[in-house]
Amino acid sequence: MNNKKGKLIVISAPSGAGKSSLIKAIINNNNNIELSISATTRKPREGESNAKDYFFISDEKFNTLKSKDDFVECALVHNYQYGTLRSYINERIDKGINIILDIDVQGFEQIQEASIDNTSIFIIPPSIEELKNRLNIRGLDSQDVIETRLENARHELKYANNFDFRVLNDEFDDALKSLVSIIFDDSSKDIDTEKSTKILQELLS
Ligand code: 5GP
């Protein structure tokens, strides 16, 4: 029997940094790794389905789960509630499955405060302009929502240095390689530190 527990990997990034595509590629190209399905009060977007992309639940249900301490972390992101279900991730980790949490920086801070063992990675977008482009191209959200997300992006970038690793997503394949090496090879050094530090400084200035 395999008694080795899975790893908890926290990945955060401002929306539009390319995080979802990178996570999808990691999961599709590797075994024994899954994305945690969070609960949210946001309505499903076109193409999204319940229990696959998120557990789409009401505010009332979310608040009940929260009051029962059923979330390892939860946060209000872009005006909706999101949370990671404790039972969901514990079950995976106990089975030896590595699990990725795609959560915002507030959620990451809660995981840290609770001293839950994790490897944390922050994905840095190549520039604010590129971030804007990606949010516009994605075409999923209205202009108001895009503005809120850009505002949040500037805020989230301030937390990048609290993570174990920072990965710059200017070239998708390079970023993917870095992520895979951090997750599976227990790589202990920052990838491309000089470049990502420089870009992070520019984004924050
Ligand atoms: P979206 O609505 O675009 O799917 O996600 C918006 C943001 O919510 C993303 O930055 C994502 O990382 C964050 N998010 C998704 N699930 C959770 C969660 O369970 N907890 C926290 N704290 N953030 C989450």
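The set of residues in segment 112-124 that are closer than 18 Å to residue 182 by Cα and either free of Cβ contacts under 8 Å to residues at least 12 places away in the same chain or not aromatic (Phe, Trp, Tyr) (or both) comprises 117, 118, 119, 120, 121, 123, 124. Close Cβ contacts (under 8 Å, 6 or more residues apart or on different chains) running from residues in segment 68-82 that are on the phi > 0 side of the Ramachandran plot to residues that are more than 9 Å from the ligand (Cβ to nearest atom) comprise 69/86; 78/145; 78/148; 79/148. The residues of segment 57-87 that are aromatic (Phe, Trp, Tyr) and buried (at least 18 other Cβ atoms within 10 Å of the Cβ), listed by number, are 62, 71, 82.
Each row is one residue, and each column tells you yes or no for (1) part of a loop (DSSP other than H, G, I, E, B); (2) buried (at least 21 other Cβ atoms within 10 Å of the Cβ); (3) within 11 Å of the chain's Cα centre (by Cα).
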{"site": "4", "(1), (2), (3)": "yes, no, no"}
{"site": "9", "(1), (2), (3)": "no, yes, yes"}
{"site": "26", "(1), (2), (3)": "no, no, no"}
{"site": "45", "(1), (2), (3)": "yes, no, no"}
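Filtering segment 4-34 to residues that are free of Cβ contacts under 8 Å to residues at least 12 places away in the same chain and more than 12 Å from residue 100 (Cα to Cα) leaves 28, 31. Checking residue 149 against (1) more than 9 Å from the ligand (Cβ to nearest atom); (2) of a type in the set (Lys, Arg); (3) under 16 Å from the mean Cα position of the chain (by Cα), which test does it fail? Unmet condition: (1). All of (1) among the charged types (D, E, K, R); (2) without any contact (Cβ under 8 Å) to a residue 60 or more places away in the chain; (3) more than 14 Å from the ligand (Cβ to nearest atom); (4) under 22 Å from residue 73 (Cβ atoms) hold for residue 109 with one exception: (3).
Since every read-out is calculated from the coordinates, none of them should be taken as a lab result. Predicted model, so just to flag it, every value in this text is computed and none were measured. For neighbour counting, all protein chains shown are included, and Cβ atoms are generated from backbone atoms with ideal geometry for every residue, glycine included.
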